[in-house]
1. With respect to Leu376, determine if the residue is aliphatic (A, V, I, L, M) and in contact with a Ser or Thr (Cβ under 6 Å, 6 or more places away or on another chain).
2. Looking at region 79-94, is at least one residue within 15 Å of the ligand (Cβ to nearest atom) and open to solvent by less than 40 Å² (accessible area, probe 1.4 Å)?
3. From the set of residues in region 5-29 that are within 19 Å of Cys251 (Cβ to Cβ) and among the aliphatic types (A, V, I, L, M), which is surrounded by the fewest Cβ atoms within 10 Å (Cβ to Cβ)?
4. Among the helices (runs of 4 or more DSSP H) lying completely within region 77-191, list those that include at least 1 residues that are in contact (Cβ under 8 Å) with a residue 40 or more places away in the chain and small (Gly, Ala, Ser).
5. Just give me the residues in region 169-212 being of a type in the set (Lys, Arg) and within 10 Å of the ligand (Cβ to nearest atom), in sequence order.
6. Residues in region 261-281: is at least one open to solvent by 20 Å² or more (accessible area, probe 1.4 Å) and on the phi > 0 side of the Ramachandran plot?
7. Please count how many residues of region 363-395 are in contact (Cβ under 8 Å) with a residue 24 or more places away in the chain, in a loop (DSSP other than H, G, I, E, B), out of contact with any Cys (no Cβ under 8 Å at 6 or more places or on another chain) and open to solvent by less than 80 Å² (accessible area, probe 1.4 Å).
8. Kindly provide the set of residues from region 3-60 that are in contact with an Asp or Glu (Cβ under 9 Å, 6 or more places away or on another chain) and of a type in the set (Val, Ile, Thr), ordered by number.
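The values are calculated or read from the model by the stated rules, or taken from the named source; none is laboratory data. All figures in this text were calculated on a predicted structure; none of them were measured in a lab. Using ideal geometry, Cβ is built from the backbone for each residue, glycine included, and neighbour counts are taken over all protein chains shown. Surface accessibility is based on the protein's heavy atoms, side chains included, excluding ligands, DNA and RNA. Shrake-Rupley method; radii C 1.70, N 1.55, O 1.52, S 1.80 Å.
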Amino acid sequence: MRIYADNAATTKLSKTALNAMLPYLTEQYGNPSSLYSFGQKAKEAVEDARMRTARCINAEAREIIFTSGGSESDNQAILTAAELGKAKGRRHIVSDTIEHHAVLHTLRKLEKDGFDVTYVPVGANGIINASDIKAAIRDDTCLVTMMYANNEIGTVQPVPEVGAICRERGILFHTDAVQAAGHLPIDVLKDNIDMLSASAHKFRGPKGVGFLYVRKGIRPYVLIEGGAQERGRRAGTENTAGIAGCAAALCEAVSGMAENAKKTTRMRDRIIKGLSEIPHSALNGDREKRLQGNVSFCFEGIEGESLLLLLDDMGISASSGSACTSGSLDPSHVLLAIGRVHDVAHGSLRLTIDEDLTEEEADYIVSSVKEVVSRLRGFSPVWRELCAGEREFIL
Ligand SMILES: *Cc1c(COP(=O)(O)O)cnc(C)c1O
């Protein structure tokens, strides 16, 4: 059996998205900036995609900037607020401790540049408290940036509450919605979102393309200089095929959202129930307020890395922490932020499933993880010490 359970890292391209892309990879290869009709055909495709993308989040077409993906969108959004803030002498930003590195590293760069950033802590359930965000806001705050849903532990954040707080105080609100777009209903107007990042490959679109929503009236910082594309807000010849695929995938995900969420939630809960039977284990992140496809666990006395390798041998693709951090020995900043100690955080497993997962596959995942955890504990000196009472169990 071959099971892909790492949809938070990337997803399989949908057939609809592929078919939407194919003409622009073959016959319709014109440059959207060219004036002859051959180029204009490509331009029409980009503008049609922009309109359809905007509709999916209740925005207007002119508020959508197509980018190379989530990381670029996060960078552009934060630098937009920083630039506007600087002009008004406001150099304070509010964020939190469980953001994606695309946000955290951009903030770190701004800190070196004289900005002050408050990182609001999260509760043990991995949810940020809107009142903590409110309390962190100062007179010189120019931006609140808080993700919509977390990529490691799947927790869904109080976006409408934080949006309302920011609007009332006249502060820009950006949300990294890379894990939410196409999976949770998004309404930028209702939720008072000023800027929102999304990435196509997280909702069954192609890799290397995404978008940034910037509310009208906000002048975006130009991250990529060089041409008048995207109305001067992002230079470079448009990725016509990618943009068409991004819009097609998003529309498909949004139209199937309710039904897919129901199916995925049922399988997620089946896996959570099964894995909870493993002694000295714990679910990471809130039990209810979590993405429908996210299962994240810590198992005491094992190394997540070995767990992944053995699961791979059994045909299961999973993750420990996030793909971006694997390769480093540091445990995930998100698991540390929710209070997992280093040893426990090292024994983490993230399974992110989609609507295609069957009941048989869910059961195979559960039995495989159970088997592998107990096999690894059999070799583990730490586990032996725990059982001998020489160390205390934490979970
Ligand atoms: C994947 C991801 C990103 C980065 O998106 P790319 O398109 O891969 O650059 C940013 N934020 C979150 C929450 C993500 O899950």
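1. yes
2. No - not one qualifying residue is present in region 79-94.
3. Among them, the one singled out is Leu22.
4. Filter on region 77-191 gives 101-112, 130-136.
5. Lys202, Lys207
6. Yes, some residue in region 261-281 is open to solvent by 20 Å² or more (accessible area, probe 1.4 Å) and on the phi > 0 side of the Ramachandran plot.
7. Matching residues across region 363-395 total 2.
8. If the condition is that a residue be in contact with an Asp or Glu (Cβ under 9 Å, 6 or more places away or on another chain) and of a type in the set (Val, Ile, Thr), then Ile3, Thr11, Thr16, Val46, Ile57 are the ones that fit.
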